[in-house]
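Below you'll find the structure, written out as structure tokens, and then a few comments.
The values are calculated or read from the model by the stated rules, or taken from the named source; none is laboratory data. Nothing here was measured: the structure is a model prediction, and the numbers come from that model. Positions of Cβ are generated from backbone atoms using ideal geometry, with glycine treated the same way; all protein chains shown enter the neighbour counts. The protein model used for the area step is the full one, side chains on, heavy atoms only, and it has no ligands, DNA or RNA in it. Shrake-Rupley method; radii C 1.70, N 1.55, O 1.52, S 1.80 Å.
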Amino acid sequence: MSNELAFQYWFLQNEDISYGKKQKLIEYFYNSFNIYTASKNELVASMLFTETEAELFIKNRSLYQVDKAYERFCQSPFSFITTEDPGYPQKLANIYDNPYGLFYNGNLPAFNHCIAIVGARRCSAYGKKLAFELGNRLAKEGFTIISGMARGIDTHSHRGAIEASGKTVAVLGCGCDVIYPPENHLIYEEIVQNGAVMSEYQMGSSPIAQNFPRRNRIVSALSDIVIVIEAREKSGSLITADLALDQGKDIYVVPGRIGDSLSEGCNRLISQGAGIIYNVDAFINEILERYGKVNQKRTVVNQRLNISREEKKILSLFDYYPKSLSTIMEQTNIDYLNLLSVVYSLEKQGLIEEVFKNNYVKFS
């Protein structure tokens, strides 16, 4: 008797059923095993098959070798997850037209504290730089960076996260075994090492235009915040933003020059109430205030540490939100070199941590 994963794999990669109909069938029949064993009358009674469709479905089903197909798949580097699995991302389960399942390569994160960064494929050098910086800085803070591995903004946001040794996830508009664009074969491998490449589309599916707008609902759904960097008036990035708004997510936008085609979409989102990233440091601070220190992993009891009076004084000036060394200097009479020495000692003891250049937070 085949195990339940074998039936899930059969149903996930079954091309007799449209993507939208699969989850409806699961809701009606409860699981893929019941669908596999359903009679013609039961299929028709679901109102999701005509008699002709049910007959064809049963014919093709009888020719399918459940165990052998699943065993072949298990020999590949790929995995899958479906709505029948308790590990299926809850953020996806809550959206309209959620995918029945996803193929992926790598390791799926928990999808807590995720930020999507999207934007133009043909972006400017400024856009690339900003996408990399935001991806890098946010990944260092423990956020998972989600994008689509497309040329331009997507690629550079992934690169920023990878450079920070952070987690990043690429949601593709093709099979997750298809590298698109092809020049991203190296970053594909790096993403797999730092997170996952995932897709609802069948293995081997080509990157056709109609796949990408549908893909975008997954990008926005898995994210808590969507950042748009350089978007034309009609673009996939705006589709992602619109979907995110429907899903109740926050949108932040990098403003651009009036009259610049790459800024038209972003400026329209601002006119509709999107948040504005006018300064990267200020934006990071705002996000940290909302979520706290995402990657905080340790707690240190200060009283048990043998620290000097001067170190205790400096430590008391730090907070649980980032504070710069220049701010600390204004509050003390200590010179810069001595301050650096104290800060280094406190950091070495795990009492404070540099979250970005010359800005530190205190551990409790």
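Protection proxy ranking, highest mean first, for peptides 201-214, 63-76, 107-120: 107-120, 201-214, 63-76, where packing is the per-residue count of other beta-carbon atoms within 10 Å, averaged. Probing with 1.4 Å while keeping every protein chain in the model, the per residue accessible area of the range 1-70 equals 58 Å². Extension gain, Glu310 to Glu233: 0.36 nm times the residue separation minus the Cα-Cα distance gives 22.1 nm. The alpha-carbon positions of the range 177-266 define a convex hull whose volume is 122 Å³ per residue. Relative contact order for the chain: 12 percent, from Cα pairs under 8 Å spaced at least 6 residues apart, divided by residue count. Among Ile276, Ile218, Ile314, the residue with the largest mean-square fluctuation in a Gaussian network model of the chain, with springs joining Cα atoms closer than 10 Å, is Ile314.
Comparing Gln272, Gln23, Gln13 in a Gaussian network model of the chain (Cα springs below 10 Å), the most mobile by mean-square fluctuation is Gln272. Taking 24 Å as the straight-line reach from the Cα of Lys21, the lysines in range (excluding those fewer than 8 positions away in the same chain) are Lys40, Lys59, Lys91.
Provide the FRET efficiency to the nearest 0.05 for the Ala110-Arg257 pair, computing r from the beta carbons and using R0 = 35 Å.
Once rounded, the FRET efficiency stands at 0.35.
Per the 1.4 Å probe, what fraction of the accessible area of the range 128-248, in percent, lies on carbon and sulfur atoms?
51
For the residue pairs Lys129/Lys249; Lys24/Lys249; Lys167/Lys323; Lys140/Lys312; Lys140/Lys362, the alpha carbons lie more than 18 Å apart in Lys129/Lys249; Lys24/Lys249; Lys167/Lys323; Lys140/Lys312.
Of the trypsin sites (Lys or Arg not before Pro) found in the range 125-179, no site is in coil according to DSSP while having at most 12 other Cβ atoms within 10 Å of its Cβ. Placing a label point 7 Å from the Cα of Arg151 along the Cα-to-Cβ direction, the residues of the range 236-255 whose backbone N falls under 18 Å from that point are 236-237. Over the residues of the chain, the helix contribution to mean residue ellipticity at 222 nm works out to -13500 deg cm²/dmol, using -39500 (n - 2.57) for each DSSP H run of at least 4.
Counted over the chain, the DSSP beta bridges are approximately 40% antiparallel. Suppose R0 equals 30 Å. What FRET efficiency, 1/(1 + (r/R0)^6) with r the Cβ-Cβ distance, do Asp250 and Arg122 give to the nearest 0.05? Result of the calculation: an efficiency of 0.70.
Translational diffusion coefficient, Stokes-Einstein: compute it for the chain using the Kirkwood radius over C-alpha pairs as Rh, at 20 °C and 1.002 mPa s, and state it as an integer in µm² s⁻¹. In µm²/s, the coefficient is 94. Distance from the alpha carbon centroid of the range 162-232 to that of the range 69-100 works out to 16 angstrom.
Sorting the segments 36-45, 233-242 by their residues' average number of neighbouring beta-carbon atoms within 10 angstrom, most packed first, yields 233-242, 36-45. When the alpha carbon gyration tensor of the range 39-107 is reduced to an equivalent ellipsoid, the three semi-axes, largest first, read 27, 20, 8 Å.
How much of the accessible area of the range 29-118, in percent, comes from carbon and sulfur atoms when a 1.4 Å probe is used?
Working: 2470 of 4870 Å².
C and S atoms contribute 51 percent here.
For Gln90 and Lys129 in the same chain, what is the full-extension length gain: residue separation times 0.36 nm, less their Cα-Cα distance, in nm?
Gain on stretching Gln90 to Lys129: 10.8 nm.
With a simple spin-label model that places each label point 7 Å from the Cα along the Cα-to-Cβ direction, the separation between Glu163 and Asp16 comes to 5.1 nm.
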